[in-house]
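Peer 1: This structure is in structure tokens; I'll ask about it shortly.
The values are calculated or read from the model by the stated rules, or taken from the named source; none is laboratory data. Remember, predicted model here, so these are calculated numbers, not experimental data. Ideal geometry is used to build each Cβ from the backbone, glycine not excepted, and the neighbour counts take in all protein chains shown.
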Amino acid sequence: MTSRQLIIAWAYFSEILLSILLVLFLYLITGEKTLIEFIQKTAIDFATLYCAVVIAAAFAFLWTLYSKIDSSFYVWLEREKSLDIFINATIYVLVVQIFSVISLILCKYFPNNWLSLASCGIFFLAFINSITIITNSVGLMKLKILYTRLTNERQTGSGR
């Protein structure tokens, strides 16, 4: 495994670890009964008002990536072996959000303490991944700006 792959693996693992720690923290602070009642009471709200919106945003971001895939910028990203990172991260966000919606719906209609706690953890993972989709969008914009500046400098022969 290369160092780049290790960094990416750690990024995914750390998100899962953080979501587990958040559930544990809430469990210790609020107590089992209070936390589970809250999860079961608000599960559908979180699924529809939050996760569904992020799913739509992730689909839009993925669609944008694919619709521009033949542009010189995205060809350059592919050459630099960075395009797959953005695509895979976006697909991961989608999958986590979909699992979050499913687990929250199941939690609402099939009350079970373990399912409720797992749904809470998956929701936290989904929330953390929402930040990922935002940072990926910003990162892609910054890369596009850098690419455009470097391309313009190369074409005009002016460099710093």
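Peer 1: Quick one: how many residues across the stretch 1-53 are part of a helix (DSSP H, G or I), free of Cβ contacts under 8 Å to residues at least 24 places away in the same chain, of a type in the set (Ser, Thr, Tyr) and over 23 Å from Phe110 (Cβ atoms)?
Peer 2: Looking only at that region, the number is 2.
Peer 1: Return a yes/no flag: does the stretch 34-43 have any residue that is at positive phi, of a type outside the set (D, E, K, R) and over 20 Å from the mean Cα position of the chain (by Cα). Can you show your working first?
Peer 2: Residues of the stretch 34-43 that are at positive phi, as a first pass: none.
No, the stretch 34-43 has no match at all.
Peer 1: Please verify whether the stretch 16-30 includes one or more residues that are touching a Phe, Trp or Tyr at 6+ places or on another chain (Cβ under 9 Å) and either at pLDDT below 90 or closer than 17 Å to Ile133 by Cβ (or both).
Peer 2: Yes, that holds for at least one residue.
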